[in-house]
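Asks: Before we start, here is the structure in question, set down as structure tokens.
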Amino acid sequence: MLLKQEAENPQITHNSNKMNSIDALKELLYKIADDQLIIGHRNSEWTGLGPILEEDIAFSSMAQDKIGQSEHIYNLLHQLGEADADTVAFTRNSAQFHSSQFVELPIGDYSFSLIRHFLFDFAEYLRFESLKSSAYEPLAQVSKKFFGEIKYHTMHANTWVNQLGKGNEESHTKMQDSLNYAWNYALGMFEQGPAEDLLISENIFIGEKALQDVWLGTITPLLTQSNLTIPAQENWKPIFGGRFGKHSQHLQPLLEEMTEVYSIDPSADW
């Protein structure tokens, strides 16, 4: 397999910008893990603040899942020659993160966090579903391991979006307004990598465009059933940049908060 050859000989390249399959794979792994780490910490901010005790516990539990999953992906990167998980997670600045801008936005009103939960977790569920058959076996194995947890996350998201979307006028309006606000940020999750063609050609990943198409086909009927409507396509303006280190003003303060303990004691476990 070419990917194995490149691991042994990183000088093999395929395109004009000199990225090889290992570089392309690392970029994919970074954006997956960084998304999980950041949204995990964002969702953990609901701990003690949830509207009901059940939701307080649910958001905390799912946040913990996300952070744990990010560690597994960072460990794959470590196997490919990157720094260990703690170093990667806690010593980079915002410009070095590959996360989408969608996950770094403040938690806002609970309706926004629920909509983000729904849009992100269905994208993640479908991403890992496709990666279960990845030609890069370590990633395929990790994807199979995560799949059950993420399936629960989508069930939780869909239950609450459906209930509140079909609720009273106030709950429906809040959910629709949050969907409208979140939409272009959510489309930014599917920003293509710099050498995605290599991943597609080697059957490592189906590609962001294919993933977005499957995601749209999955969430659109679910939102319709919840009496919610995605914005008209002529208004789609994906907010890109996060995959290439361009972030909002919200990420760096979050990273400083996340890394406070590590900065004091780098030997602390997470």
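The values are calculated or read from the model by the stated rules, or taken from the named source; none is laboratory data. For clarity, every value in this text was computed on a predicted model and none was experimentally measured. Positions of Cβ are generated from backbone atoms using ideal geometry, with glycine treated the same way; all protein chains shown enter the neighbour counts. For the accessible areas, the whole protein counts, side chains as well, though only heavy atoms, and no ligand, DNA or RNA atoms are used. Shrake-Rupley method; radii C 1.70, N 1.55, O 1.52, S 1.80 Å.
Asks: Could you tell me whether region 147-216 comes out rounded, prolate or oblate from its Cα gyration tensor? Rule is a ≥ b ≥ c as square roots of the eigenvalues, rounded for a/c under 1.5, then prolate if a/b exceeds b/c, otherwise oblate.
Replies: Since a/c reaches 1.5 but b/c is at least a/b, the shape of region 147-216 is classed as oblate.
Asks: Out of (1) 32, 21, 21; (2) 31, 22, 17; (3) 35, 22, 17, which label holds the value of semi-axes √(5λ) of the Cα gyration tensor in Å that was computed here?
Replies: Derived directly from the coordinates: (2).
Asks: About the Cα centre of the chain, what is the dipole size in debye to 20, counting +1 per Lys and Arg Cβ and -1 per Asp and Glu Cβ, all else neutral?
Replies: Here the size comes out at about 660 debye.
Asks: Continuing with the same structure: Using label points projected 7 Å from each Cα along Cα→Cβ, tell me how many nm separate F244 and N180, to one decimal.
Replies: If labels sit at F244 and N180, their model points lie 3.1 nm apart.
Asks: Does a label point 7 Å from the Cα of T224, set along Cα-to-beta-carbon, have any residues of region 144-175 with amide nitrogen under 17 Å, and which are they?
Replies: The answer is 162, 166.
Asks: Go ahead and run the numbers for FRET between T91 and T47, Cβ-Cβ distance against an R0 of 22 Å, rounding to 0.05.
Replies: In this case the efficiency is close to 0.30.
Asks: What distance in nm separates the two pseudo spin-label positions at N168 and E54, each 7 Å out from Cα along the beta-carbon direction?
Replies: 1.9 nm
Asks: Starting from the Cα of S133, step 7 Å toward the Cβ, then list every residue of region 184-218 with an amide N under 15 Å from that point.
Replies: 200-207, 210-211, 214
Asks: To continue, here is another question. List the lysines whose alpha-carbon lies under 25 Å from that of K237, not counting same-chain residues fewer than 8 positions away?
Replies: In chain and number order, the partners are K31, K174, K209, K246.
Asks: Could you tell me the distance between the Cα centroids of region 156-184 and region 112-143, to the nearest Å?
Replies: Value for the Cα centre distance between the two parts: 22 Å.
Asks: What FRET efficiency, computed as 1/(1 + (r/R0)^6) with R0 = 35 Å and r the Cβ-Cβ distance, is obtained for A83 and F147, rounded to the nearest 0.05?
Replies: 0.80
Asks: Return the sequence-ordered ³J(HN,Hα) values of region 132-137 in whole Hz as given by the Karplus equation 6.51 cos²θ - 1.76 cosθ + 1.60 applied to θ = phi - 60°, using x for Gly and Pro.
Replies: Computed from phi, the couplings for region 132-137 are 4, 10, 4, 5, 8, 4 Hz.
Asks: Next up: Determine the share of the chain's accessible area contributed by carbon and sulfur atoms, expressed in whole percent, with a 1.4 angstrom probe.
Replies: Carbon plus sulfur share of accessible area: 52 percent.
Asks: 222 nm [θ] for the chain, helices only, -39500 (n - 2.57) per DSSP H run of 4+, per residue, to 500?
Replies: -21000 deg cm²/dmol
Asks: Right, something else. Could you give the accessible area per residue of region 2-263, probe 1.4 Å, as a whole number in Å²?
Replies: 43 Å²
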